[in-house]
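Below is one structure, written out as structure tokens; comments come after it.
What follows is calculated from the coordinates using simple rules that are stated; it is not laboratory data. Bear in mind that the values here come from a model prediction, so they are computed numbers and not experimental data. Glycine also receives a Cβ, built like all others from the backbone with ideal geometry; neighbour counts cover every protein chain displayed.
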Amino acid sequence: MKNRILLAALLLQVFVIVNAQEVPGREENVAYIVTFGAQSLPSWGDDDFSQTFFFLIPKNYPKPVYINVYDPEAGGKLDEMNGKWDTRIKYSVYGGKEAFSNKEARGVAPVKNYRSGTLLASKTFDQDPDYDEKWYSFGPFNPGDGEYVEELGGYVFKIVCDGISGNDGNLYKYFLSIKANENIPVEGGNAFTYEYSFRLKDQAKSLAHLYPFLDKDVVSIKVNTFDFDNDGNIKLYSNAKNGHYVAISNDNEWVESQHLIQDVERNKSIDIQLFKFSGTNNDMVMYVTNQYNVPLPFFAIPLGGVPKYKYKINISVKSDAK
Amino acid sequence: MRSKKGVSFLLGYCILFLLGVRSVLWGQTQNFRHFGTENGLPENYVQEVSQDSKGYLWVSTSSGVYTYDGQLFTKFVNAASKEETGYNVCKVLRDRYVLGAGDGKVDVFKEGVNFPVKRLKPFDGPVNKLFLSPDSLYTYIVSNGRGVMCLNNNTYELRFMGDALKDMIINDLVMIDHNFFFIASSDGLYLYNYSARKLQPLDDNIEALCLSWNKLSRILYVGTKSFGLNSYLLGTDYQIDVTSNLFSKLEGPDASISAILPLEPGKSFYIGTSEGNIYQLDVVTGKLTSYLSRPLRVKISSLFADKTGNMWLCTFGKGLLRSGKDPFEKFYQGHNISALTADPAGNFYMAEEERLYLQNFSTGVSDTFSIKNGLPDDKITALHCDRLGTIWVGFANNGLYYKSIGQIVFKPFAQMELFIDNPVNAITSSIYNEVYVSTTLNGVVAIGHGSITAQYNTRNNLPHNNILFTYVDSRNRIWFATHHSTLSYLEEGKIYDFSMRYPTINFDINAITEDTEGQIWFMSRDNGVYAFKDTLRYIVNTDNGLPSNFGTAVICDESNQIWIAQTDLLTKFSLSRNILKTYSTAYLLDNMYFNKNACYKDKKGNLWFGTTEGIVKYNRPLSQSVLPEAQPYLLSFKVFDEIRSLNQKQRLQYGTYNVSFHYSALCLTQSEDVLFRYMLEGYDNQWSEPTKRLRIDYENLKDGVYNFKVMACNSDGLWNKTPLVYTFVIEKPFWKTIWFWTIIALLFILSVTLFNYYRTRMLVHYNKELSKRVNEKTKQLEEEKQVIIQKNKEIEQYNEEINASINYARHIQRSVLPDRSELNNQVFSSFVINKPKDVISGDFYKVYHQEHKTLVVLADSTGHGVPGALLSMMGNSLIDTIIESGTALDPSAILYKLDKAIIHTLQQKPEDFTNESMDVALLVVDTQNHTITYAGAKRPLYIVRNGELQEYPGGRFPVGGLLTRLTKEFVNHQIQLQDKDCFYIFSDGFCDQFDRENKTKFSTKRFKELLVKQWGSGIPSQEFEINSALNNWKGSNEQTDDIMLIGVQYKIM
């Protein structure tokens, strides 16, 4: 119960600090989220050609909400063509029972019941110039049609983006809005995922941030990265860690590193900073698990705020007496 | 050369003009009533609405399905199941309802039954939508991501429609026939071939949101997400022949058509958009009419038109809106329209101060007339369009202007001088197109063919020169209204004073109109409204429901309803139903005031009113049908908050109860005006006042039969004829029931009967016993009787013997008594009355004669009967002995000797205490000397002489007896007799005799009077009289004592 209250408080704090539920979050400094067509090679940066995001709407929110998708189709200058534009991307929005609570919905791979819940909306995009670098709106949705999650204090919608066919890469964004085709944030809303497929900014020496949330039971975490291309370093920052190195992966490679979690880090977000050396495109995947191999959520707006390392001052008194 | 400024001005004017046109097109407003979480509907996300055969609306929302009757939203629940039902979609069939739930179940309910007659589980996920086939034979059940099931509504057979429909979001589904379906989905418009299980894209360039299929023309209308409304002509081979886009005038979110409602199929539609706008689209002309001044900013999920003509807007986020037959529209808001009229072309002329607007609401053409059109810069006070279409404008100070039809320039009336500084109050025209202009100072001016034909003022019988209003009725009478309590009319050139006929009515008139029956209605300034035909027909004022007696305008509509404008209210009086209805803020008539006489009826029968906030138009109803009655019904009956069945009459046990009734009424049109009246028969004495309450509580109800009645009236004020009645009974206590008293009575009768029976038996038994005893006694008595008889016989015998003895004794006694002749001779005449009480007497008398002396003795022995007789015999004998012993005839001496003799004979001693004695009267009559010597022992001698009685008392003591120790003395009285003296000696028996009542003795006094009375009568007469007196006195009473009386009359020879 205490945990829930704390979590809800953290979510509220999020609202106070920032009121945008865009994905990627502004704080993250990530260019886009990415999903490749099913015929793509994983080495291009997407291991499973599917990405699931969750949107949280606070309980008792009265207005209908929209999930806006920026550049939903694979085509145009934003996306990554391989050969020719032949990729079909399907978005499916789920709510209702098990949309979130089903374990496989919160998995890191699109297996079995990852599409759990009640299908509320769906659209498949081919190459559609009408939506190239434009927003498409799913909705309106009745917030009550999401799955109510007490721990999160609100209703959760799930949007699954699947690369149905083709081998192009679709780069896109999400925004939880109260208006169709216009991004007006839902007060108190948030977005999170358990496996993040994203494109780092193609700026040399850019720094991206990801904010997984560690609950009170986390003792240790494993940070898994895929296809980082060894393009920089990844460090861990928290209240107790001041830049612990995370293992980095090469092309088409999964790598994990384990990190013990101290008490002061629990019930807080940690900051995984990805420092990119090069200025080229880099699509990668990351997920974080706890000691039970249960994936932990990355929140677009870090819960509890961006963690700051707390320096300790050790004072020792040297005696002159012999 | 035109200046740049001029060009700019013109350009600006054109832009403004065009904007004005556009704004007019968008200026009409619909009145919407909103239902959301704040006022009755528990959910703001409404998917759709349908209506059942009874008229109830069924509202499908994400949190449940609700029925609505105009008053209440009631969640539809499965009465057979206690768990949350979770219905969120519903389809209404003729006599059944199909409901889908979030857990995938589909329940079918029959009308009037609150538990499902059939339950199905077509999917293991939520039912998202239901679609009905046009013939209502099938219901198509859609579960997004799971597919479509077809339910046969009669057999309840389920049929899966195929995998092709599985993985798609179906926004709409229309059945073409049993094999082909249109599918609207976010991925496009599809044609589904059920038999082939094939999904064929018809247009995958659109996101299809909603469909409307016109079977006759085979045209499908599709609301799209981005491209407005498309139409598709379907060929006989189920291929699309023609596609066209009908609705591209709007952009952005408004191009997303989320709902379609055919108005005239194939010709016009109501369209709802995702932005929350409503339009009416005329497909033929392309005309688009907006119904909202501002969009709702939420998606319109669906549109529905109910049977009473209301349109319902289901929104996703703002609940439900109803656009009904709310009759009013508002135009020119923000303008103070003080006068209005219209020409034959439908152009309205409206005055606001010095401005004159022109507006054609149909074509959108508008204009403003001012100085440039020849009008003066002066306040417009009157407007009129005559029969030829000429517009007449009256001004406050600057006279009268007119404009012929088709012209844009106004001309001043030629003879203007009459109207300068003479405000024009009203203008009207007769059927001959004579224009009558009413002024403030000069009465009325008649204008014909452009010139003045007549003037009417006080000089020619007009009651007043300040004429406020004129009206032409159907008989071409011109009515003139004033504020001076006079009303007159002009008919065939002559003015008549109407108000004279009704001197008691205050004809301070503001406005006049005529109804369809020819009755003239006058709106007084502060006394309500009157209607006259030949006589006063109606008075409508605050006494009978008019909100106020003050009015500004009055007009009659096509339905013969009188509309009365009163400051900020509009009241309609229906003559046919005698009902008043007032429209106020609920009809958007807020913060507006009706201007005096600013009203007009157009050719279509619509009414127009000029107000301080623009124009209010009352739309004439398309049909003359009246609103249906509001049908009341009972929602619940609770007893101490416990719900009781409504299906059966409730009988409550004896006690005191609190009950409550929750009721409602089915009336979807202007339901906010529905009113109720209720009464609990058995508790209330009368119907309640009209109320909007839906619930009523009653407390402390005692035993009895109660009938709860409720009536409802619709917004027209029409009460339903038959009230709803619900009866319940609180049982009487057993001690109040008939059966109880019957039983008591029966018990009483029974107990009485038993008592009587028992008593009778007892009596019978007693009687038997008694009889037995009686018999025994009788027997005993009989025996005793026999004994007694025997004894009686013996006694009789003894009696006879005794009587014989006594009779013999009497004989002896009588023989001893002297003969009566002893005292009847020449000297004495005498009688003797000797009446023994018994057979023998204790009284005796003796008579002795010795020479010239005669001794008479009368003695009364103690007692009577045998002892008395014995004593008398003894006394008789002793007297004889004394006389015979030679004792001189000296009464006193004789008495002395007698006394001693008795004592000696009876051996009386003082200590014996005996009292046998005798009272004796003893006299000796000396006939020679004519003297009596008398001595008595307790007996007197009476001598009556010349009617006077003298009494010579005897001694105090009797002879014999030793009751006293005193010496007895017996003294002689010497009395000289005279001729005819009567002397009497007697025993006390006569005076002691009781009368016939046994109360009074004869007494000595009465005896003396009797004797005195006999004076002068002969002895026989005296004897007779004295005997008679005695007998009369005694009557049948028993003789008290022995009676003896000797009466002697002495004659001196």
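Peptide A:135-145 shows a mean partner chain C-beta count of 4 within 10 Å per residue C-beta. Pairs of Cα atoms in the protein assembly as shown fall into 10 Å distance bins, from 0 up to the last occupied one, in shares of 1, 6, 10, 10, 9, 9, 8, 6, 4, 3, 2, 2, 3, 4, 5, 5, 5, 4, 2, 1, 0, 0 percent. For the stretch A:198-230 and the stretch B:934-958, what is the separation of their Cα centres, given in Å? Distance between centres, Cα-based: 178 Å.
For residue B:766, the shell of other residues with beta-carbons less than 12 Å away shows a net charge of +4, using +1 for Lys and Arg and -1 for Asp and Glu. Here the extension length gained between residue B:974 and residue B:604 equals 117.1 nm, from 0.36 nm per residue of separation less the Cα-Cα distance.
Note on residue A:179: lysines with a C-alpha under 20 Å away, same-chain residues under 8 apart excluded, are A:59, A:63, A:123, A:134, A:158, B:225, B:299, B:318. Taking 26 Å as the straight-line reach from the Cα of residue B:403, the lysines in range (excluding those fewer than 8 positions away in the same chain) are B:372, B:379, B:411, B:596, B:601, B:603, B:604, B:617.
For chain B, the longest principal axis of the alpha carbon atoms and the long axis of helix B:865-884 meet at an angle near 30°. Relative to the longest principal axis of the Cα atoms of chain A, the long axis of helix A:2-17 lies at roughly 70 degrees.
If packing is taken as the average count of other Cβ atoms within 10 Å, what order do B:876-885, B:144-153, B:108-117, B:691-700 fall into, highest mean first? Please report the intermediate quantities before stating the final value.
Details: B:876-885: 16.4, B:144-153: 21.2, B:108-117: 14.5, B:691-700: 12.3.
My ranking of the peptides, most packed first, is B:144-153, B:876-885, B:108-117, B:691-700.
Oblate is the label for the stretch B:32-329. Its Cα gyration tensor axes, ordered a ≥ b ≥ c, give a/c of at least 1.5 and b/c at or above a/b.
Each of A:85, B:1033, B:739 was scored by other Cβ atoms within 10 Å of its Cβ. Arranged with the fewest first, they read B:739, A:85, B:1033. Only helices enter this figure: runs of n ≥ 4 DSSP H residues, each worth -39500 (n - 2.57), summed and divided by the residues of chain B, yield -5500 deg cm²/dmol at 222 nm to the nearest 500. Annotated for the stretch B:737-816: lysine pairs at least 8 residues apart or interchain, Cα distance under 16 Å, count 4. Of all GluC sites (Glu not before Pro) in the stretch A:63-164, which ones are in loop regions per DSSP and have a Cβ with at most 15 other Cβ atoms within 10 Å? Here the sparse-neighbourhood loop sites are A:133, A:150, A:151. Counting lysine pairs in the stretch B:990-1051 that sit 8 or more residues apart in sequence, or on different chains, and whose Cα atoms lie under 21 Å apart gives 9. Cross-link check: pairs B:91/B:721; A:173/B:166; A:276/A:308 evaluated at a Cα-Cα cut-off of 24 Å; pairs beyond the cut-off: B:91/B:721; A:173/B:166.
Averaging Cα coordinates gives a centre for the stretch B:630-665 and one for the stretch B:153-186; these two points are 45 Å apart.
Within the straight-line cut-off of under 17 Å between alpha carbons, the aspartates and glutamates reachable from residue B:215 are B:135, B:172, B:177, B:237, B:241, B:264, sequence neighbours fewer than 8 places apart in one chain being disregarded. Diagonalising the gyration tensor over the Cα atoms of the stretch A:2-299 and scaling each eigenvalue by 5 before taking the square root yields semi-axes of 26, 25, 17 Å, largest first.
If you take the square roots of the eigenvalues of the alpha-carbon gyration tensor of the stretch B:737-816 and sort them as a ≥ b ≥ c, do you get rounded (a/c under 1.5), prolate (a/b over b/c) or oblate? Taking the square roots of the gyration eigenvalues as a ≥ b ≥ c, the stretch B:737-816 is oblate.
Reported to the nearest whole Å, the Cα centre-to-centre distance from the stretch B:676-753 to the stretch B:826-866 is 109.
Residues B:535, B:486, ranked from the fewest to the most other C-beta atoms within 10 Å, line up as B:535, B:486. Shielding by partners for peptide B:416-424, expressed as the average number of C-beta atoms from other protein chains within 10 Å of each residue's C-beta, is 0.
Compared with the dominant principal axis of the Cα atoms in chain B, helix B:1004-1013 is inclined by about 70°.
Neighbour counts of C-beta atoms inside 10 Å place B:769, B:492 in the sequence B:492, B:769, starting with the fewest.
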